[in-house]
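*Asks:* One structure coming up, written as structure tokens, with questions to follow.
Bear in mind these aren't lab numbers, they're just calculated from the coordinates by the rules spelled out. The structure displayed is predicted, hence computed values, not measured ones. Because the Cβ atoms are built from the backbone with ideal geometry, glycine has one as well, and the counts that use them run over all protein chains shown.
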Amino acid sequence: MKGQWTLILALLFALIVAVFAVINVNPVEVDYLFGVANWPLILVILGSSVMGAIAAGSIGIFRLLQQQRKIKHLQKENNELQKKLHDHEQNDQLRKQNYELQNATKPDEKIED
């Protein structure tokens, strides 16, 4: 459900930006580091929106990759700990069995009082 609301809000925002851009079609002067150019305001608005979306998407993808790497590391660590726990449980069982065998009385031995 959250994904649907995100999509609806994104489409609504895109519609608002598109309407705003279409209303503003006058040419504007854009200053670059290396010169000046006249562009229609619609292209400046849409270009800025696209660059902002690319920047936000790049940050989102970077964070997603970091989380996936962390999850992979934690899963590996969890598997190692599970293996150690299993080994410790097996060792405990063997110790108990050895203890029981060592302390068990043999049937042909007589216990003297």
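*Asks:* Using 16 Å as the cut-off for backbone N distance, which residues of region 41-56 belong to the label zone defined by a point 7 Å from the Cα of Ala18 along Cα→Cβ?
*Replies:* 42-43, 45-47, 49-50
*Asks:* What nm value, rounded to one decimal, do you get for the distance between Glu80 and Met51 when each label is placed 7 Å out toward the C-beta?
*Replies:* 4.5
*Asks:* Okay, next question. Taking the chain as a Gaussian network, Cα atoms linked when under 10 Å apart, which of Phe34, Phe13, Phe62 shows the biggest mean-square fluctuation?
*Replies:* Of Phe34, Phe13, Phe62, the most mobile in the Gaussian network model is Phe34.
*Asks:* Turning to a different aspect of this structure: Tell me the label-point distance for the pair Leu101, Leu9, using the 7 Å Cα-to-Cβ offset, in nm and rounded to one decimal.
*Replies:* Inter-label distance under the simple model: 6.6 nm.
*Asks:* Along the three principal axes, how long is region 46-86 when you take its alpha carbons, biggest first, rounded to the nearest angstrom?
*Replies:* Taking max minus min along each principal axis of the Cα atoms, region 46-86 gives 59, 7, 5 Å.
*Asks:* Given R₀ = 35 Å, FRET efficiency for Ser58-Asn26 by Cβ-Cβ distance, to 0.05?
*Replies:* Calculated value: 0.65.
*Asks:* If you don't mind, another one. Under 10 Å, Cα contacts only: if you run a Gaussian network model on the chain, which one of Glu29, Glu89, Glu100 comes out with the highest mean-square fluctuation?
*Replies:* Fluctuation is largest for Glu100.
*Asks:* With Rg and the Kirkwood Rh both taken from Cα atoms, where does Rg over Rh land for the chain? Spell out each step's value before the answer.
*Replies:* Values: Rg = 35.0 Å, Rh = 21.6 Å.
The Rg/Rh ratio comes out at 1.62.
*Asks:* Let me ask something else. Relative contact order for the chain: what percent, with Cα pairs under 8 Å and sequence separation of 6 or more?
*Replies:* Details: 36 pairs, mean separation 15.6, N = 113.
Taking the mean separation of contacting Cα pairs over the length of the chain, I get 14 percent.
*Asks:* What is the fewest-to-most order of Tyr99, Tyr32 by other Cβ atoms lying within 10 Å of their Cβ? If you can, show how the numbers build up before the last one.
*Replies:* Working: Tyr99 10, Tyr32 7.
With the sparsest Cβ surroundings first, the list reads Tyr32, Tyr99.
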